[in-house]
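S.K.: One structure, as structure tokens, below. Some questions next.
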Number of protein chains: 2
Amino acid sequence: MNVIVGQSGGPTSVINSSLAGVLQAAQRRGVGRVYGMVNGIAGFLEGKTVDLGERLPGSLEIELLKRTPSSYLGSCRFKLPDPSQDEGLYRRLFKQLSDLEIGYFFYIGGNDSMDTILKLSDYARAIGSPIRFMGVPKTIDNDLLETDHTPGYGSAAKYIAVVMKELIRDATVYGTPYVTIVEIMGRNAGWLTAAAALARGDDCEGVDMICLPEIPFHVERFIEKVDRMQRERASVVIAVSEGVKQPNGEYVCLLSDDQRRVDAFGHTNLTGTARYLSNRVAQALKTKTRCIELSTLQRCAAHMTSRTDITEAYQVGGAAVKAALEGHTGEMIGIRRLSNDPYQYVTDAVDVRRVANLEKKVPPDWINETHTDMLPAFLSYARPLIQAELSPIYIDGLVRHICR
Amino acid sequence: MNVIVGQSGGPTSVINSSLAGVLQAAQRRGVGRVYGMVNGIAGFLEGKTVDLGERLPGSLEIELLKRTPSSYLGSCRFKLPDPSQDEGLYRRLFKQLSDLEIGYFFYIGGNDSMDTILKLSDYARAIGSPIRFMGVPKTIDNDLLETDHTPGYGSAAKYIAVVMKELIRDATVYGTPYVTIVEIMGRNAGWLTAAAALARGDDCEGVDMICLPEIPFHVERFIEKVDRMQRERASVVIAVSEGVKQPNGEYVCLLSDDQRRVDAFGHTNLTGTARYLSNRVAQALKTKTRCIELSTLQRCAAHMTSRTDITEAYQVGGAAVKAALEGHTGEMIGIRRLSNDPYQYVTDAVDVRRVANLEKKVPPDWINETHTDMLPAFLSYARPLIQAELSPIYIDGLVRHICR
């Protein structure tokens, strides 16, 4: 029997380590060929596959793969219809799987991608297909249920914490009044924005305010808080989630005129929160402001990843292969934390029904009373995930990626 | 006799290596105390100095200093008036220097800062003061005359090239039409934007267009070029300088309504070029776009510097001390390149009059005919400057900086 693996949803810096984990575990366990879907399930439906064993024959390719950001196989944002709506698609898809003699199907992705595993495994059961479908967790957003954390988060959190330290240094250089608002990804869950709290330490005063999408956002109260902070120190640095919402539930970024103009062809794009707020603060407080959007940099900065994260991403890929070979299907590999210090964990397999299409938010009791900072419980949770580094391979002064 | 050193203008990732170079060269040559001006000449005029020998007593502090972005001493943007306009200020300043028994004065900065060296050395000559004033070149912009390149540029160029490689990978992940416009610093000189050309290699197709401020920018022609490019490939990635100007000389960013609003208190802020262009492209071509501003990240990313740059920044600091002790004054240390391959250079001292307040632009014959890419002459020039790395010191998962 052969194996097929796909990558889906937004890329991360470590999604290719999970691909390496699936590939090498399958090879070590002596299954047949390992196919990759090009551009996820959408590309597979168009018949686009590659033979990963041929494409990645040696350990040097695997090492480069682990250091290459973005999905090596390409990705998609494609939601399978219900079988009742389009059974033809399912028949075609299972025919393709059968033609390739696939016994095991792995999909590396987030809560949307787990919906694909759910539908395919349910359909397989219904038609009596022996193919096993396993999910491999991935997302910088860290919003998957039934896992302590999600591979991809640790590296993004490390990037955010390091960059915040650098930005805080930069912002204080003139000693003059200055408000810096940094916009961080996370539509409904504030895990990434919370990671800005990791910047504080002996050598860094840390960010002055953290605004999560879990907490209703009052623009006027925000400006008052900034005003009070700026009376105490010249440079105020704020981490704000792109997804903060007003008490009426509307995204703050939609208050910006500019935002509506960007959105000329129907896509809802959340960027613009920091720009809007820095404009409002500049006008209200007559102070100099700067907005910085970390944008896709936070999900593709493979030059600085967490080795813990890279290792876990690789392991959940391997664990998915092991579970599938042992008969599991319709499940996702989860990470179970045993202790913070020393940091220890195991993997297990969870019913994908408890993960698909759901979101895990930051617990309210990890946020301080004034909704401006993270409490020690969050730091204890996040700190182990950013530990250690995977040295990039530099050639001619630049980080090297795997060729396509 | 004692030494005093200050840092001025916009910070870089390697400005502290020049500070280390001045400090250690002065100590090795057995001068007296080494004072630092806090917040440059502006802070010095308020009497703010520190004893650097006490603050940075050992080699561990020096190693952390080299890895710390932004000016350790703080910076300023302060232009000395002409002595004819305010001789009192000069008398006060030289009295302060005399009280501290200063014999040698070093100022690490760009073309504005060299104006300070020019005025102070001229005044010293006029009043018969023996104090020697030397400039130490620094700027990510690489726009100083009389030096092959400027410390700070190599690290910023390396950061830009690495990040462009990552962003290009990220942008192609869905295989769908997508225009990414990345805004890079450089008000009138395109050196930093040109560095995006370094991304191209065996493992990266490179950016699709580079727009420098040296070339008049036609918005409509730009959109036509993007349209043509997108017919050939789904993902188009463009590096654009914040300083591109229309043929009438007006900055493109000023076309954005939003920009005028940001500028509520009189500062001319050039950001907004990529946002304006991505909005225009989205509307005109009905394609998905994203704008990314590298913002201050490109000048403070000390977690990824060029070792060549760090070393040169240190050396120009030391060379300034040597030159001053040998009797030079009113000069700046320049870098003279002897060959590209192998890369070899020497330092010399140049009359600061030929540097102060002037700008060096990218030579037109290093830009291709269609004004979309850099020619090999630029790559041969820039490639040596990004070579090799200085490993960051990671503690508990984060880069470590020197405490203040």
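S.K.: Quick check on my filter: what residues within segment B:186-204 are within 27 Å of the chain's Cα centre (by Cα), surrounded by fewer than 24 Cβ atoms within 10 Å (Cβ to Cβ) and not in a helix (DSSP H, G or I)? Break it down stepwise before answering.
M.R.: Filtering segment B:186-204 for residues within 27 Å of the chain's Cα centre (by Cα) gives B:186-201, B:204.
Going one step further and asking which of them are surrounded by fewer than 24 Cβ atoms within 10 Å (Cβ to Cβ), we end up with B:187-189, B:199-201, B:204.
B:R187, B:N188, B:A189, B:R200, B:G201, B:C204, listed by residue number.
S.K.: Quick one: in segment A:263-313, of everything that is at pLDDT 95 or above and of a type in the set (D, E), which residue is farthest from the chain's Cα centre (by Cα)?
M.R.: A:E293
S.K.: Among the numbered criteria (1) surrounded by fewer than 20 Cβ atoms within 10 Å (Cβ to Cβ); (2) more than 30 Å from A:A156 (Cα to Cα); (3) within 14 Å of chain A (Cβ to nearest Cβ), which single criterion is violated by B:G327?
M.R.: (3)
S.K.: A follow-up question, please. Contact list please: Cβ distance under 7 Å, first residue in segment A:376-398 and more than 10 Å from chain B (Cβ to nearest Cβ), second residue aromatic (F, W, Y) and crowded, with 17+ Cβ neighbours inside 10 Å, pairs at least six apart or on different chains.
M.R.: Listed pairs, sorted by first residue: A:A377/A:W366; A:F378/A:W366.
S.K.: A:C253 - would you say it is within 28 Å of the chain's Cα centre (by Cα) and at pLDDT below 95? Full working, then the answer.
M.R.: Numbers: within 28 Å of the chain's Cα centre (by Cα): yes; at pLDDT below 95: yes.
Against the criterion (within 28 Å of the chain's Cα centre (by Cα) and at pLDDT below 95), A:C253 qualifies.
S.K.: At pLDDT 95 or above, outside any helix (DSSP H, G or I), of a type in the set (F, W, Y) and farther than 30 Å from B:R233 by Cα: does that describe B:Y345?
M.R.: On the way: at pLDDT 95 or above: yes; outside any helix (DSSP H, G or I): yes; of a type in the set (F, W, Y): yes; farther than 30 Å from B:R233 by Cα: yes.
So B:Y345 passes the test.
S.K.: Right, something else. If I ask for residues that are on the phi > 0 side of the Ramachandran plot and surrounded by fewer than 24 Cβ atoms within 10 Å (Cβ to Cβ), which ones from segment A:2-37 would you list? I'd like the intermediate steps shown before the answer.
M.R.: Of all residues in segment A:2-37, those on the phi > 0 side of the Ramachandran plot come to A:9, A:30.
Scanning segment A:2-37 gives a single hit, A:G30.
S.K.: Would you list the helices (runs of 4 or more DSSP H) that sit entirely within segment A:56-175 and hold 2 or more residues that are within 15 Å of the chain's Cα centre (by Cα) and within 14 Å of chain B (Cβ to nearest Cβ)? Break it down into steps so the answer makes sense when it comes.
M.R.: Values: elements: A:59-66, A:87-99, A:111-127, A:153-171.
Where helices (runs of 4 or more DSSP H) fall fully within segment A:56-175 and carry at least 2 residues being within 15 Å of the chain's Cα centre (by Cα) and within 14 Å of chain B (Cβ to nearest Cβ), they are A:111-127, A:153-171.
S.K.: Could you tell me whether any residue of segment A:336-355 is within 14 Å of another protein chain (Cβ to nearest Cβ), surrounded by fewer than 23 Cβ atoms within 10 Å (Cβ to Cβ), touching a residue at least 40 places away in the same chain (Cβ under 8 Å) and at positive phi?
M.R.: Checked against the condition, which is being within 14 Å of another protein chain (Cβ to nearest Cβ), surrounded by fewer than 23 Cβ atoms within 10 Å (Cβ to Cβ), touching a residue at least 40 places away in the same chain (Cβ under 8 Å) and at positive phi, segment A:336-355 yields no hits at all.
S.K.: Cβ-Cβ distance below 8 Å, separation of 6 or more or different chains: which pairs start in segment A:295-324 with a residue that is over 15 Å from A:P151 (Cα atoms) and end on one that is assigned to a loop (DSSP other than H, G, I, E, B) and of a type in the set (K, R)?
M.R.: A:V321/A:R29; A:K322/A:R29
S.K.: Can you tell me which residue within segment A:278-298, out of those that are more than 7 Å from every other protein chain (Cβ to nearest Cβ) and more than 21 Å from B:S278 (Cα to Cα), is surrounded by the most Cβ atoms within 10 Å (Cβ to Cβ)?
M.R.: Filtering first and then ranking leaves A:T289.
S.K.: Also, quick follow-up: So how many residues does segment A:143-170 have that are closer than 20 Å to A:Q344 by Cβ and among the β-branched types (V, I, T)?
M.R.: Result for segment A:143-170: 2.
S.K.: Which of the residues belonging to segment B:50-76 are surrounded by 24 or more Cβ atoms within 10 Å (Cβ to Cβ) and touching a strand residue (DSSP E or B) at 6+ places or on another chain (Cβ under 6 Å)?
M.R.: Passing the criteria: B:L52, B:S71, B:L73, B:S75.
S.K.: Over 22 Å from B:D396 (Cα atoms) and not in a helix (DSSP H, G or I): is that true of A:V316 in this structure?
M.R.: Values: over 22 Å from B:D396 (Cα atoms): yes; not in a helix (DSSP H, G or I): no.
Criteria not met by A:V316.
S.K.: OK, next. With respect to the numbered conditions (1) closer than 27 Å to A:A189 by Cβ; (2) without any contact (Cβ under 8 Å) to a residue 60 or more places away in the chain, which one is the sole condition not fulfilled by A:L89?
M.R.: Answer for A:L89: the failing condition is (1).
S.K.: Regarding A:V31, is this residue in a loop (DSSP other than H, G, I, E, B) and touching a Phe, Trp or Tyr at 6+ places or on another chain (Cβ under 8 Å)? Give the steps one after another, and end with the answer.
M.R.: On the way: in a loop (DSSP other than H, G, I, E, B): yes; touching a Phe, Trp or Tyr at 6+ places or on another chain (Cβ under 8 Å): yes.
Judged against the criteria, A:V31 is a match.
S.K.: Which of the residues that make up segment B:77-116 are on the phi > 0 side of the Ramachandran plot and modelled with pLDDT under 95?
M.R.: Those that are on the phi > 0 side of the Ramachandran plot and modelled with pLDDT under 95: none in segment B:77-116.
The values are calculated or read from the model by the stated rules, or taken from the named source; none is laboratory data. From a predicted model like this one, the values you see are computed outputs, not experimental measurements. As a convention, Cβ positions derive from the backbone with ideal geometry for all residues, glycine included, and neighbour counts pool all protein chains shown.
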